[in-house]
Amino acid sequence: MVYHYMKQRGTTSVQPALKETPVVTIQLPLFNELYLPIGSLIAVCALEYPKDKLEVQVARRFNG
């Protein structure tokens, strides 16, 4: 949303200057998944983001 706001405003720099890297949480809600979690976790691990600023939450639920 911020990107689209800055784009409509005509600002050339759409990325705000940050003094430090923020903590980011990635949530993977899974429901009766067998193979998708492996691919999702591999993709999250491949992210180029500081590991001390990255949180991964996996919410897994099976029905039955």
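Where a number appears in this text, it was derived from the coordinates with a stated rule and is not lab data. Note that the structure is predicted; figures quoted are calculated from it, not measured.
Please list, in chain and number order, the residues 5+ apart from V56 or on another chain whose amide H is under 5 Å from its amide H, with Hs placed from the backbone.
I26
So between R60 and I26, what do we pick up on full extension, going 0.36 nm a residue minus the alpha carbon distance? Before the final figure, lay out the partial values.
Values: separation 34, 0.36 × 34 = 12.24 nm, distance 1.39 nm.
Extending this stretch completely gives an extra 10.8 nm.
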